[in-house]
Amino acid sequence: MRVGVVYYPGSNCEQDAVWACQAVGLEAETIWHKRSTLQGYDALILAGGFSYGDHLRCGAIARFSPVMAAVERFAADGGLVLGICNGFQVLTEMGMLPGALLANAGLKFRCQDLLMRVERNDSPYTNACDPGQVLRMNMAHYQGNYFADPETVAQLEENGQVVMRFCGPQGERAPRFNPNGSIHDIAAISDPSGRIMGLMPHPERVMDPALGSVDGRFLFESLRDAIAARQSPEAVSVAVLPQQV
């Protein structure tokens, strides 16, 4: 089970993501942005950081890196793609996920722990969680305020593409628990298939008790189990969300 972690000039979380994958038994390696072909991977992670120094806007230049055409092909062929922080921004810039990441409410860079509620556990990234489970994560960003037009948000809600939301200790929703102002308290969304997911918080930073939480393991264990399910014909697949009728 092999995972490639894509990074760019200015990325700073690629080794954390590799280590997180390895901690749950996945083989993982970094992929430099100049690669134009990708073979032999079961999943891809777009790493966090500040690609190209966030010039123009976050992810706007990284989307044109040679590797991204290969990432698009990988996703079109049914591959699993996870965008973390800057990776989420890149996915929205490419149109692989809807919406945009705006400046945080209050126009401040926010580095802090936060809580997220799992909205559905039938995705490749949350199948190790319970529905409604509250996870403690960490965030560090200035442009993480998820926004989309009302029609797009309605479609996300109707199709079950909101995978996680910001919340309080009991899973309750209120403005004070939303650290960046994201619409509908959205913390993570997927494409309609569920195979592509983006989130601004960093699960790779909460894998060890010394860091205050190990809840990031739930996401990486979910990814590991999703890959295993896709490889085993006897297993029940968790890699695709149910299609809405």
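Would you confirm, using the coordinates I've provided, whether Asp113 is more than 22 Å from Val81 (Cβ to Cβ), touching a residue at least 60 places away in the same chain (Cβ under 8 Å), out of contact with any helix residue (DSSP H, G or I) (no Cβ under 9 Å at 6 or more places or on another chain) and not basic (Lys, Arg)?
Yes.
Within the set Leu107, Leu38, the sole residue that is surrounded by fewer than 20 Cβ atoms within 10 Å (Cβ to Cβ), among the hydrophobic types (A, V, I, L, M, F, W, C), over 20 Å from Asn138 (Cβ atoms) and out of contact with any strand residue (DSSP E or B) (no Cβ under 9 Å at 6 or more places or on another chain) turns out to be Leu107. Which residues, counting only those in segment 9-38, are at positive phi and modelled with pLDDT of 95 or more? Scanning segment 9-38 gives a single hit, Gly25. Determine if segment 21-33 includes at least one residue that is hydrophobic (A, V, I, L, M, F, W, C), within 16 Å of Leu82 (Cα to Cα), surrounded by 23 or more Cβ atoms within 10 Å (Cβ to Cβ) and touching a residue at least 40 places away in the same chain (Cβ under 8 Å). Yes; the residues of segment 21-33 include at least one that is hydrophobic (A, V, I, L, M, F, W, C), within 16 Å of Leu82 (Cα to Cα), surrounded by 23 or more Cβ atoms within 10 Å (Cβ to Cβ) and touching a residue at least 40 places away in the same chain (Cβ under 8 Å). Summed over segment 96-140, residues that are under 18 Å from His184 (Cα atoms) and among the small types (Gly, Ala, Ser) total 6. Quickly run through segment 39-67 and pick out the residues that are among the hydrophobic types (A, V, I, L, M, F, W, C), over 16 Å from the mean Cα position of the chain (by Cα) and at negative phi. Within segment 39-67, Ala60, Ile61, Ala62, Phe64, Val67 meet the criteria. Considering segment 21-105, the qualifying strands (runs of 3 or more DSSP E), each wholly inside and each with 2 or more residues that are within 19 Å of Met1 (Cβ to Cβ) and not basic (Lys, Arg), run over 27-32, 43-46, 80-84. The condition of being buried (at least 23 other Cβ atoms within 10 Å of the Cβ) and under 23 Å from Leu223 (Cβ atoms) holds for only one of Gly99, Gly144, Gly79, that being Gly144.
The set of residues in segment 197-237 being farther than 22 Å from Asn138 by Cβ and either surrounded by 22 or more Cβ atoms within 10 Å (Cβ to Cβ) or not β-branched (Val, Ile, Thr) (or both) consists of Asp225, Ala226, Ala228, Ala229, Arg230, Gln231, Ser232, Pro233, Glu234, Ala235, Ser237.
Scanning segment 95-126 for residues being among the aliphatic types (A, V, I, L, M) and at pLDDT below 95 gives a total of 3.
Counting only residues that are outside any loop (DSSP other than H, G, I, E, B) and either touching a Cys at 6+ places or on another chain (Cβ under 8 Å) or within 28 Å of Asp42 (Cα to Cα) (or both), how many does segment 109-129 have?
4
Taking the criterion of being assigned to a loop (DSSP other than H, G, I, E, B), more than 17 Å from Leu101 (Cα to Cα) and in contact (Cβ under 8 Å) with a residue 60 or more places away in the chain, the only residue of segment 130-146 that qualifies is Gln133.
The values are calculated or read from the model by the stated rules, or taken from the named source; none is laboratory data. Every value quoted in this text rests on a predicted model; they were computed, and no experiment measured them. Backbone-built Cβ (ideal geometry, glycine too); neighbour counts: all protein chains shown.
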